[in-house]
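A.B. asks: Supplied in structure tokens, the structure appears directly below.
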Amino acid sequence: MSARFLPAALLITAAALGLTACAGPAAPAPAASTAAPSVTAAEFPRTIEVPAARGGEATTLTLESAPTRIAALDYESAEVLAELGLAKQLVLVPEAVTNPTLGGHVEEMAQVATTFPVAMALEAETVISLDPELVVMSPRHGAEDTIGSVLMQSGIPTLQLPDSWTDLAHLSSNIALIGQSTATEEAAETLVSTLERGLEPTTTPNKSRVLVLSNQAGRAFVTAGNAFPLRLLELAGAQDVSAELGIVTTGPISAEQLVQADPDGILLIDMNGSGERMFAELLENPAVAALPGAQRTLLLPGKDVQAMGLTNTISGLEQLEAWLAEK
């Protein structure tokens, strides 16, 4: 293992990320907390009640002391820990959080000693070798099945969040659990409050039919299923077109499918900083280009519409609402 990156053998296609500008940049949303938290020894040991995940049972997590070495195995958990003022305690994070198109704490994450491409390629031995005092992970990429049990058996305190980061309710509950595990409840409550105030549904929905695309694995992917950007789209008062096509998971989309969808507009999510380039082949297809909706696009960086963007999604929602309101 190199000083910063895990072995190249762990690299897999960016499609596994599963993450899923016409408008000018909006003012950044206020950060919930940037100062390092003050945690006293008196706050530990502590035992956290962790609700049951789907198909599982409720568990408890006991921490004897404040964790000073934390491994975050998913993007959102890493971003939450940094937002709560714990970036200096991180010893392992996903590589994606160092991408300025996706992450909101790029400078802090660049200082983390070790990164990995995707959780599905991560081995328990790698995490254990870093001697973390707390591991935080969510069920989105299946790592809880492959390495979660191994970490717990090894005696490393492991917070297995019960829910993926698919909507505001799950964001709020996961943030609260991370706050409890790190004795940063006050900062966590502030972050949740900021998100709940900023991510309220529009009072003037227009029901525009919108197709959401992202640039992954060198091409355009349709965003579908329980992806957070679709929940943001609903808050903005629009309808997701992918469901009409019977598409239930994020993946490649053909020109024929886009023509069949015939959306009123297309939201383009830039996941890698390449802008509109990877969407060009699909959108310049003659049949697609002939659609009125294909001429009405909005390009936003991933951090403005993905859950890992946290308070940046407030700005994303504002930009979506302004775009949808255009005649």
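A.B. asks: Please specify each residue of the stretch 275-327 satisfying the condition of being assigned to a helix (DSSP H, G or I), surrounded by 15 or more Cβ atoms within 10 Å (Cβ to Cβ) and of a type in the set (Gly, Ala, Ser).
C.D. replies: 293, 294, 302, 307, 309, 315, 316, 322 - these are the residues of the stretch 275-327 that are assigned to a helix (DSSP H, G or I), surrounded by 15 or more Cβ atoms within 10 Å (Cβ to Cβ) and of a type in the set (Gly, Ala, Ser).
Here is a yes/no grid of residues against (1) surrounded by fewer than 16 Cβ atoms within 10 Å (Cβ to Cβ); (2) among the charged types (D, E, K, R); (3) at pLDDT below 95:
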{"residue": "199", "(1), (2), (3)": "no, no, no"}
{"residue": "205", "(1), (2), (3)": "yes, no, yes"}
{"residue": "210", "(1), (2), (3)": "no, no, no"}
{"residue": "215", "(1), (2), (3)": "no, no, no"}
{"residue": "226", "(1), (2), (3)": "yes, no, yes"}
{"residue": "240", "(1), (2), (3)": "no, yes, no"}
{"residue": "249", "(1), (2), (3)": "yes, no, yes"}
{"residue": "260", "(1), (2), (3)": "yes, no, no"}
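A.B. asks: Does the stretch 54-88 hold any residues that are of a type in the set (Gly, Ala, Ser) and assigned to a helix (DSSP H, G or I), and which are they?
C.D. replies: Once the filter is applied, which keeps residues that are of a type in the set (Gly, Ala, Ser) and assigned to a helix (DSSP H, G or I), the stretch 54-88 yields 77, 78, 82, 87.
A.B. asks: Can I ask one more? Can you tell me which of 193, 172 is part of a helix (DSSP H, G or I), in the same structural domain as residue 82 (by TED's automatic domain parsing), touching a helix residue (DSSP H, G or I) at 6+ places or on another chain (Cβ under 7 Å) and of a type in the set (Ser, Thr, Tyr)?
C.D. replies: The unique qualifying residue is 172.
A.B. asks: Still on this structure: Go through (1) assigned to a helix (DSSP H, G or I); (2) surrounded by fewer than 23 Cβ atoms within 10 Å (Cβ to Cβ) one by one and return the number of the condition residue 155 breaks.
C.D. replies: With (1) assigned to a helix (DSSP H, G or I); (2) surrounded by fewer than 23 Cβ atoms within 10 Å (Cβ to Cβ) applied to residue 155, the lone miss is (1).
Conditions tested, residue by residue: (1) at pLDDT 95 or above; (2) assigned by TED's automatic domain parsing to the domain that holds residue 271; (3) in contact with a helix residue (DSSP H, G or I) (Cβ under 9 Å, 6 or more places away or on another chain); (4) β-branched (Val, Ile, Thr).
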position	(1), (2), (3), (4)
46	yes, no, yes, no
58	no, no, no, no
63	yes, no, yes, no
97	yes, no, yes, yes
100	yes, no, yes, no
103	yes, no, yes, no
108	yes, no, yes, no
114	yes, no, yes, yes
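A.B. asks: Still on this structure: If you scan the stretch 116-152, which residues turn out to be assigned to a helix (DSSP H, G or I) and at pLDDT 85 or above?
C.D. replies: 124, 125, 126, 127, 128, 129, 139, 147, 150, 151
Residue by residue, here is whether (1) surrounded by 15 or more Cβ atoms within 10 Å (Cβ to Cβ); (2) under 25 Å from residue 190 (Cα atoms) holds:
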| position | (1), (2) |
| --- | --- |
| 55 | no, no |
| 60 | no, yes |
| 75 | yes, yes |
| 82 | yes, yes |
| 86 | yes, yes |
| 151 | yes, no |
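The values are calculated or read from the model by the stated rules, or taken from the named source; none is laboratory data. Note that the structure is predicted; figures quoted are calculated from it, not measured. Virtual Cβ from ideal backbone geometry, glycine too; neighbours counted across all protein chains shown.
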